[in-house]
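Contents: one structure, followed by commentary.
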Amino acid sequence: MTKNISLTRYLVEQQRSEGHIPSQLRLLLEVVARACKSISQAVNKGDLGEVMGSAESENIQGEMQKKLDIIANEVLIEANEWGGHLAAMASEEMEGIYVVPNRYPQGEYLLLFDPLDGSSNIEVNVSIGTIFSVLLKPEGAGVSEQDFLQAGAKQVAAGYCVYGPQTTLVLTVGDGVAMFTLDREQGSFILTKENIKVPEDTIEFAINMSNMRHWDAPVKRYVDECLQGTDGPRAKDFNMRWIASMVGDVHRILTRGGVFMYPWDKREPNKPGKLRLMYEANPMSWLIEQAGGAATNGKERILDIAPSKLHERVSVILGSKNEVERITRYHHEA
């Protein structure tokens, strides 16, 4: 384990010796990390901070918002709008983009985020988190929603912060995946793992089994084979895990391997999937690929999908490379 290397030092070294990030991107990522620390404090207070429960409002997705959803969204906007690094932001909780106000200097980056992924788990004290993605704004005056509609392969940074027993920040700037743990005594994120690798093979899968009757045939085939264990075609026993928080499930996969599936199903056949391409699938897919894993929608690489709208949804299959390739092959065969 690498000791006593702060997030700031890590990013400075990436900027100086590796040449992976410019100074403005480094400063932006530090601001995002500080915002995550503030969100972590609010989450940790729970009922003591009067932040629990529903806000009695819906977001653009038609989902009921929790108080912490709104708080996390506001924290990220307020932390990032004045620094001069961003041109605009987009959030799962907002209908349109948030352009940096004229009273502040505009930068060259675009920030997208899911301020509090897995918020249905807030009341039961299960891990939730913040997911973020950074894009470079196309050249030209002004900024529009169209500027955000870039394939995930064009991300310049992505990561998430999981608020669990520890507060952990996971980050990539295109040079592998690094993991930082919040040291509350120091008040800073400290590097605890780097060059994280997802095993190519696994005996764990994560999916919401209650939706089984709605799945498409390739997903049913894969899960059925896993459930048959040593007596089936896979000739090994699988374990199923499901946290119902993408950030928690992906964190487990980055830590010890596995495959995560939130596929298209027949309940809403006109929707390509449940998860959001820009705020969830793209940043998580890049992290997984940077760690040696794979991510597809069942037919193509997620990072190659050209988004057509800000809140586009997508089917997601990601994790250990060989399992993702198998499930994708089943889709092509079908």
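A few points about this structure:
- Verdict on Met246 being closer than 30 Å to Ser38 by Cα, touching a residue at least 60 places away in the same chain (Cβ under 8 Å) and in contact with a strand residue (DSSP E or B) (Cβ under 9 Å, 6 or more places away or on another chain): yes
- Selection from segment 151-169 of residues that are under 21 Å from Val314 (Cβ atoms) and either part of a strand (DSSP E or B) or in contact with a Lys or Arg (Cβ under 6 Å, 6 or more places away or on another chain) (or both): Ala157, Ala158, Gly159, Tyr160
- Some residue of segment 295-306 being within 27 Å of Phe180 (Cα to Cα), in contact with a helix residue (DSSP H, G or I) (Cβ under 9 Å, 6 or more places away or on another chain), in contact (Cβ under 8 Å) with a residue 60 or more places away in the chain and β-branched (Val, Ile, Thr): yes
- Residues of segment 94-118 that turn out to be charged (D, E, K, R) and either in contact with a Cys (Cβ under 8 Å, 6 or more places away or on another chain) or surrounded by 23 or more Cβ atoms within 10 Å (Cβ to Cβ) (or both), as a count: 2
- Within segment 170-190, being crowded, with 24+ Cβ neighbours inside 10 Å, over 16 Å from the mean Cα position of the chain (by Cα) and in a loop (DSSP other than H, G, I, E, B) holds for no residue.
- Number of positions in segment 197-238 that are touching a residue at least 40 places away in the same chain (Cβ under 8 Å), out of contact with any Ser or Thr (no Cβ under 8 Å at 6 or more places or on another chain) and of a type outside the set (Phe, Trp, Tyr): 12
- Applying a threshold of 9 Å to beta carbon distances and a minimum spacing of six or more residues, or different chains, the list of pairs starting in segment 6-33 at a residue that is closer than 14 Å to Ser188 by Cβ and ending at one that is in a helix (DSSP H, G or I) and among the basic types (Lys, Arg) reads Thr8/Arg26; Leu11/Arg26; Val12/Arg26.
- Residue that is farthest from the chain's Cα centre (by Cα) [pool: residues in segment 191-207 that are outside any strand (DSSP E or B) and surrounded by 15 or more Cβ atoms within 10 Å (Cβ to Cβ)]: Ile203
- Any chance Glu289 is under 25 Å from Gly176 (Cβ atoms), assigned to a helix (DSSP H, G or I), of a type in the set (D, E, K, R) and touching a residue at least 24 places away in the same chain (Cβ under 8 Å): no
- Residue in segment 311-322 that is farther than 21 Å from Asn208 by Cβ and touching a Gly at 6+ places or on another chain (Cβ under 7 Å) present: yes
- Scan segment 302-334 for residues that are basic (Lys, Arg) and surrounded by 14 or more Cβ atoms within 10 Å (Cβ to Cβ) and the total you get is 3.
- Members of segment 77-129 found to be among the small types (Gly, Ala, Ser), touching a Pro at 6+ places or on another chain (Cβ under 9 Å) and within 23 Å of Glu312 (Cβ to Cβ), listed by number: Ser91
- Pairs are defined by a Cβ separation below 7 Å, a sequence spacing of at least 6 or placement on different chains, a first member in segment 145-166 that is charged (D, E, K, R), and a second member that is crowded, with 18+ Cβ neighbours inside 10 Å; the pairs so defined are Glu145/Ile97; Glu145/Leu310; Asp147/Leu110; Asp147/Lys137; Lys154/Leu135.
- Every residue from segment 117-150 that is part of a helix (DSSP H, G or I) and modelled with pLDDT of 95 or more: Glu145, Gln146, Asp147, Phe148
- Among the residues listed as Thr167, Thr172, the single one being touching a strand residue (DSSP E or B) at 6+ places or on another chain (Cβ under 8 Å) and within 17 Å of Ser285 (Cβ to Cβ): Thr172
- You will find that of Ile60, Ile70, Ile77, the residue that is farther than 18 Å from Gly164 by Cα, modelled with pLDDT under 95, part of a helix (DSSP H, G or I) and under 22 Å from the mean Cα position of the chain (by Cα) is Ile70 and no other.
- Residues in segment 122-155 that are more than 30 Å from Asn44 (Cβ to Cβ) and crowded, with 18+ Cβ neighbours inside 10 Å: Leu135, Lys137, Val143, Asp147, Phe148, Gln150, Gly152.
The values are calculated or read from the model by the stated rules, or taken from the named source; none is laboratory data. Keep in mind that what you see is a predicted model, and the values were worked out from it rather than measured. Backbone-built Cβ (ideal geometry, glycine too); neighbour counts: all protein chains shown.
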